[in-house]
Each structure stands twice: as structure tokens, then as C-alpha cells.
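Have a look at the structure below, then the notes.
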């Protein structure tokens, strides 16, 4: 019981610190959001996804803090800001509004084809970093869109915040 209270207190303190310091604690710059619609929702979307860092990857997982897969993370983060999206990454891409006229930014989804029949989705934190449920690392973590691995597999970006 004491551990639970201590964890709750520490988690609450971390949340207050992150929220009170704005996006600077996440490495955001004001220009990351320049020209993007629904900035407050995008910030909340990014925060809800980032709060899941370290959550174990489980195929088909949709339980925040316990088990998530990539599309479960995207669906959870959107539901946290009141936006309903499909459950599967291929359907998430199909239903999203394509982001083609600008680079993907905070709150946008980025879609990848890992191998034939295997697709992946992440949520942009800023103009380069995205959060995703990694099968290879076994948990929700941050990756860089600019890395050769992700660039070779990139299929496009989309948004539900238009």
C-alpha cells in the first residue's frame, strides 16, 4: 500500500512538472506547431501517448499502462482527447486525412510497412521524433523519423485533427 501511494505521488508530481513546464520538457519548440490546426488537442494527444512510454508491447494490446500494440497506442491517445479512430493501423491510415502538403508534425500519425503484410503506426512528438509501441524493443518508446530504418519503410502521414 505504501508503494502505491508513493508511486501515485511521484507520478502526480511528474505530471505537474511536465504540464507546468509546457512542451519544453518534451523538446518541443513553438515552431513545431506553427501552422497546425487544433494545437491544444495536439499537445494533449502527444502528452497522452508519451505517458505510455515503457508500457509493454503486446500484439493486440489495448490496455494503457499494461499492454499496447502500435495501433492500440494510437487509438488510446486519440480517445484521450475525444477523437475516435479505427483500431488497426491499415484502417487508421485509410481513414486519416493525408498529410502531404507539409512535413508531419506533433499529433500526426506516421505509417510504415515493415514487411509484406506487416504495418506499423507511430504518433509524432515533434518534427522528427515519434512515439510508438516497438515490437523489437518490447515496449512503447521514442524513435526518429529521420533514421534510415524508418525512412525506408515510411508510407505516409495522416491526421484526425483537421
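Since every read-out is calculated from the coordinates, none of them should be taken as a lab result. This one's a predicted model, so the numbers in the text were calculated from it and none came from an experiment. With ideal geometry, Cβ positions are generated from the backbone for all residues, glycine too; neighbour counts draw on all protein chains shown.
Per-structure values
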item	result
Ascending count of other beta-carbon atoms within 10 Å, so fewest first, for 155, 129	155, 129
Burial ordering of 32, 128, fewest other beta-carbon atoms within 10 Å first	128, 32
Relative contact order of the range 61-162, defined on C-alpha pairs under 8 angstrom at six or more residues apart (%)	28 percent
Protection-proxy order for peptides 134-147, 63-76, each taking the mean of Cβ atoms within 10 Å per residue, highest first	63-76, 134-147
Taking 88, 81, 121, 131 and counting other C-beta atoms within 10 Å, the order from fewest to most	88, 81, 131, 121
Percent RCO, i.e. relative contact order, over the range 59-116, from Cα pairs under 8 Å lying at least 6 residues apart	20 percent
